[in-house]
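The values are calculated or read from the model by the stated rules, or taken from the named source; none is laboratory data. Predicted model, so just to flag it, every value in this text is computed and none were measured. Note that we place each Cβ from the backbone using ideal geometry, even for glycine, and neighbour counts take in every protein chain shown. To get the accessible areas, we keep the full protein, side chains included, count just its heavy atoms, and leave off ligands, DNA and RNA. Shrake-Rupley method; radii C 1.70, N 1.55, O 1.52, S 1.80 Å.
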Amino acid sequence: MQPPKNGNLSETPLLEFVLEGFEGGPQTQALLFALFLALYVVAVLGNLTMIVVITLDAHLHSPMYFFLKNLSFLDLCYSSIIAPKALANFLSSSKVITFKGCATQFFFFSMMGTTEAFLLAVMAYDRFMAICSPLLYPITMYPSVCACLVLGSYCGGCFNSILQTSFTFSLPFCSSNHINHFFCDVVPLLQLTCANTAINKLVMFGLCGLIIVGTTLMVLISYGYITLTILRMHSGGGRHKLFSTCGSHMTAVSLFYGTVFVMYAQPGAVQSMEQGKVVSVFYTLVIPMLNPLIYSLRNKDVKDALRRLIQKHIAT
């Protein structure tokens, strides 16, 4: 839909947006297409491999790997919500997305991202119970409890997404229908409305800040107790193994929370969309690609399980 000549979209119902994406000519777009495709393929293959290996190998049927499998599933969905449309737009001149398609993309993107924040906190709690209270661990982290924790993470993500989506897409978009981004995100959408967005920004910063600060505190407290417990251990080998396992999770947590905080949980985030696009590439594609590598390359159990699966496949 082309904007009316007076530049006001409020006179007609808004049916579609235009995702402007990144600036540049055909060569730049082709280069970006190749980069996005490479990141997306590696993310899909890596996360699918983690899901398959954890599902098929009985040695990995424990709470830690149950949560890790769910993290891989979230990363797979997270990148798949964004990448296919972005890849299509790199090769298209119109770059159009319908109003309903934009709202749907925004809803699932917000839900998956928030769910991942909660799940990373749950994974920290799981490690806290396993290391600091090993005798209570089999009872505390019973399979039904683990399932409830994952379900609770999804419920929290869904609740935040419903609020964010309803607040954002109830606004009148009248300045333009061109989104200065490669997907439907809250910050560039707020720039298109002619209404007062103070409440929307307050809700966004409040909810995102509460979620990020709350889950980060849970992670820090859990790993504070874990660190003290590990330092009290007399076995150097056991201490190294635990630090290695927890180090993978802390790396994933730092990458995810750091980039999300830069983008959503501080007021200066709305001022620089070009920088925001680069940050968005990092947490929508780079982190989902890195997480399987972080957990597999630094985890002996996963590497052994992958080796057993390959040997079994070759033998058959």
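Compute all pairwise cysteine Cβ distances in the chain, then list the cysteines with no distance under 4.7 Å to another cysteine.
77, 132, 146, 148, 155, 158, 208, 246
Skipping prolines and chain starts, which residues have an amide H placed within reach, meaning under 5 Å, of the one on residue 179, given they are 5 or more residues away or on another chain?
18, 19, 20
For residue 16 and residue 151, what is the calculated FRET efficiency with R₀ set at 45 Å and r taken between the beta-carbons, to the nearest 0.05?
The formula returns an efficiency of 0.80 here.
Give the long-range amide H neighbours of residue 98: residues separated by 5 or more places, or on another chain, with amide H under 5 Å away, using H modelled in the peptide plane at 1.01 Å from N.
So residue 98 has HN proximity to 17.
Could you tell me which helices of the chain pass both thresholds, a Cα extent of 27 Å or more along their own axis and a mean Kyte-Doolittle hydropathy of at least 0.0, with helices taken as whole DSSP H runs?
In the chain, the long hydrophobic H runs are 26-56, 63-90, 99-132, 143-169, 198-231, 236-264.
How large is the accessible surface per residue of the chain, computed with a 1.4 Å probe and reported in Å² as a whole number?
Computed with neighbouring chains in place, this is 48 Å² per residue.
How much net charge surrounds residue 79 when only the other residues with a Cβ under 12 Å from the Cβ of residue 79 are counted, with Lys and Arg +1 and Asp and Glu -1?
-1
Using 0.36 nm times the number of residues separating residue 35 and residue 191, minus their current alpha carbon distance, what extension gain do you get?
53.4 nm
Mind running the shape call on the chain? Use the C-alpha gyration tensor, a ≥ b ≥ c as the square roots of the eigenvalues: rounded below 1.5 for a/c, prolate if a/b tops b/c, oblate otherwise.
prolate
Within the chain, how many Lys pairs that are eight or more residues apart, or on different chains, come under 17 Å at the alpha-carbon?
The result is 9.
Given a 1.4 angstrom probe, I'd like the percentage of the accessible area of the chain that is carbon and sulfur, rounded to a whole number.
71 percent
With the crude spin-label approximation of a point 7 Å out along Cα→Cβ, what separation in nm comes out for residue 61 versus residue 303?
So the label points at residue 61 and residue 303 sit 2.6 nm apart.
Taking only Cα atoms and a 10 Å spring cutoff, compute GNM fluctuations for the chain and point out the largest among 186, 122, 278.
Residue with maximal mean-square fluctuation among 186, 122, 278: 278.
Would you grab the residues whose amide H sits under 5 Å from the one on residue 233? Only those 5+ places off in sequence or on another chain, please, with H modelled 1.01 Å from N.
For residue 233, whose amide H was placed from the backbone, there are no distant partners under 5 Å.
Label points 7 Å out from Cα along the Cβ direction at residue 140 and residue 166: separation in nm?
Taking the simple label geometry, residue 140 and residue 166 are separated by 3.6 nm.
Pick from 291, 160, 299 the residue whose mean-square fluctuation is largest in a GNM of the chain, springs joining Cα atoms under 10 Å.
Result: 299 has the largest fluctuation of those listed.
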